[in-house]
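Notes to accompany the following structure.
None of the figures in this text is laboratory data; all of them are computed from the coordinates on show. If you're wondering where the values come from, they're calculated on a predicted model, not measured in any experiment. No Cβ is skipped: glycine too gets one built from the backbone with ideal geometry, and neighbour counts run over all protein chains shown.
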């Protein structure tokens, strides 16, 4: 996705995001962002809430309950071995 819009720096150096940008990114008031400076560029990145991402974000992996159980049993065995 690519979108270019002009905006200006306001009082107390506030940067106001145009409505088209906010709608395109699905932002809402109170969202947190990460601001980075690279040379003469300002890079803004939305920091999504981890719970919201887990519920509504794109899924990129799947784990079966049996796999989780096997890992749990293995970790419990490791903990039991290392406990005096």
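Values for this structure:
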{"item": "Qualifying residue in region 8-23 (condition: exposed (fewer than 10 other Cβ atoms within 10 Å of the Cβ), free of Cβ contacts under 8 Å to residues at least 12 places away in the same chain and in contact with a helix residue (DSSP H, G or I) (Cβ under 9 Å, 6 or more places away or on another chain))", "result": "no"}
{"item": "Selection status of residue 71, surrounded by 10 or more Cβ atoms within 10 Å (Cβ to Cβ), part of a strand (DSSP E or B) and on the phi < 0 side of the Ramachandran plot", "result": "no"}
{"item": "Complete set of residues in region 25-60 that are closer than 20 Å to residue 1 by Cα, assigned to a loop (DSSP other than H, G, I, E, B) and touching a strand residue (DSSP E or B) at 6+ places or on another chain (Cβ under 7 Å)", "result": "27"}
